[in-house]
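Working notes for the structure below.
The values are calculated or read from the model by the stated rules, or taken from the named source; none is laboratory data. All figures in this text were calculated on a predicted structure; none of them were measured in a lab. Note: ideal-geometry Cβ built from the backbone for every residue, glycine included; neighbour counts use all protein chains shown. Remember, those area values only see protein heavy atoms, side chains included, never the ligands or the DNA or RNA. Shrake-Rupley method; radii C 1.70, N 1.55, O 1.52, S 1.80 Å.
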Amino acid sequence: MKYLLLSLFIFSAFSCYSQTVVIRQDQQIKKMVDEVSAQNIEMIVRKLVTFETRHSLSDTISTATGIGAARNWIKSELERYSKASGGRLKVEFDTFTQPADGRRIASPTIMKNVLGILPGTDPADDRVFIVSGHYDSRASDVNDSKIFAPGANDDASGTAAAMELARVMSQYKFNSTLIFVAMVAEEQGLYGAANLAKRAKAENWNLAGMITNDIVGNTYGMGTGIKDNNSVRIFSEGVSVAESPEEAARRVSTGSENDGQARQFARYLKEIGERYVDQLNVKLIYRRDRYLRGGDHTPFSQLGFAGIRITEMNEDFDRQHQNVRKENGVDYGDLPEFVDYNYTQKVTRMNLASLANLALAPREPLNVGVVTSGLTNKTVLKWENPVGEKPAGYYVVMRETTSPVWEKKFFITGTTASLNYSKDNYYFGVQSVDADGHESLVVIPKSVR
């Protein structure tokens, strides 16, 4: 069993002291992690490839080929998971008509995301977390809707991850709501994600985090010869494009450009994912996406939600967006035999551990502030209890200004903390924690007097 050793500072009413503690894995989460099956993931990927193409403009009538057959099979598979869950997993199409765009959509087209919604069990907890992959595929010509486009890694692998998460997690109960999504039309312009992001905004979802798993099954880096089945990238933006002028001014004055909601979400996945998954190195990439590229988290980010992208460490561009063929002895095309299913299992397990820990945790503390009423070399923080489940306590987290991850945790039983560390030299945050050690997301304090 894996343990996480931390230098944890325990506060009493009159003093604080330091001790090394062991943060153990939650046995229920560990059980869920172990239930993620590489064989199930492979079955899903290979089944999706049998539809020959899942191009967003391909056949919707056939029961054997094309995007229509693929989405109907995904829905039926999620409904099978729902039956096993006693009907708690709610399965539906998110249907919309995408207008012609003069580029990749020639005429208005009915499109469908496939959703598996697992409602939270705490009426006071309205948090929503989305995890997705995109089920559409393409070959070399993005507008060719008839050519064989297996899309095994891009992105049957991410779709399989989201579906496997739905299968396992729908057997358990969580405080907050989890939505497992197979997105459509990523290759045509992120249209499925854009529709769902707009829906979340219009319906006032308390969307606390959105994950897209896009290209999570390859371990070989084309052109470099690097094979890496232990590393995965998480892309996150530091500064939200939706920030207000007041938020921008506060960011500039406090130097908090690396502490946006998406960046905190990514840090959380690194900490919890590495806690539960052996031989996994989560790399935090300080970009919204790869250089000049985008994914299904992008429309969510543009509306101010914490959207992040999970992607394999090194991409093989001989497989990606290629017609299936052999040239000069080199195989091209996104075929299922080139997917590393044990690696995809590992990435899926990282998703599960993080989402389960979050969805079981209390909500974030409210009105978190760092007191700035006087000049001092100490840091005084204060906050309020969250709505709903009362935490067993709180962690005040701290890191050097040059560190990408939180380095120390101070356990607090009350709602104030006075630390012998200067706010000029460190970054601080506060998160709720329950008696079983489930931590909320970190909240960055605002200046208060």
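Taking segment 137-231 as the region of interest, the helices (runs of 4 or more DSSP H) fully inside it that hold 3 or more residues being more than 17 Å from Ser301 (Cβ to Cβ) are 157-169. Scanning segment 139-146 turns up at least one residue that is under 28 Å from Thr348 (Cβ atoms) and surrounded by 19 or more Cβ atoms within 10 Å (Cβ to Cβ). All of Ala193, Ala182 fail the test of being over 24 Å from Leu335 (Cβ atoms) and open to solvent by less than 10 Å² (accessible area, probe 1.4 Å), apart from Ala193. For segment 277-308, a residue qualifies if it is in a loop (DSSP other than H, G, I, E, B), among the aliphatic types (A, V, I, L, M) and modelled with pLDDT of 95 or more, and the qualifying residues are Val277, Leu280, Leu303, Ala306. Filtering Glu92, Glu77 for residues that are touching a Lys or Arg at 6+ places or on another chain (Cβ under 9 Å) and crowded, with 17+ Cβ neighbours inside 10 Å leaves a single hit, Glu77.
Candidates in segment 196-233 are the residues that are β-branched (Val, Ile, Thr) and surrounded by 20 or more Cβ atoms within 10 Å (Cβ to Cβ); of these, the one that is nearest to Gly260 (Cα to Cα) is Ile211. Here the condition is being of a type in the set (Val, Ile, Thr), without any contact (Cβ under 8 Å) to a residue 60 or more places away in the chain and open to solvent by less than 50 Å² (accessible area, probe 1.4 Å); of Ile272, Ile285, it holds for Ile285 alone.
When each of Thr65, Thr60, Thr50 is tested for being open to solvent by 50 Å² or more (accessible area, probe 1.4 Å) and either touching a His at 6+ places or on another chain (Cβ under 6 Å) or closer than 27 Å to Phe338 by Cα (or both), the lone residue that passes is Thr50.
Among residues that are free of Cβ contacts under 8 Å to residues at least 40 places away in the same chain, within 25 Å of the chain's Cα centre (by Cα) and part of a helix (DSSP H, G or I), Ser82 is not included. When every residue of segment 242-251 is checked against the conditions, none turns out to be crowded, with 24+ Cβ neighbours inside 10 Å and not polar (S, T, N, Q).
Here is a yes/no grid of residues against (1) under 15 Å from Ala160 (Cα atoms); (2) of a type in the set (A, V, I, L, M, F, W, C):
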| site | (1), (2) |
| --- | --- |
| Ile74 | yes, yes |
| Gly86 | no, no |
| Thr95 | no, no |
| Met111 | no, yes |
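Looking at Arg233, is it among the basic types (Lys, Arg) and under 15 Å from the mean Cα position of the chain (by Cα)? In short, yes. Where the second residue is open to solvent by 20 Å² or more (accessible area, probe 1.4 Å) and of a type in the set (A, V, I, L, M) and the first is over 16 Å from His321 (Cβ atoms) and lies in segment 216-228, which pairs have Cβ atoms under 7 Å and are six or more apart or on separate chains? Filtered contacts from segment 216-228: Asp228/Met313.
One residue alone among Thr97, Thr121, Thr109 is among the hydroxyl-bearing types (Ser, Thr, Tyr), surrounded by fewer than 16 Cβ atoms within 10 Å (Cβ to Cβ) and over 30 Å from Leu441 (Cα atoms), and that residue is Thr97.
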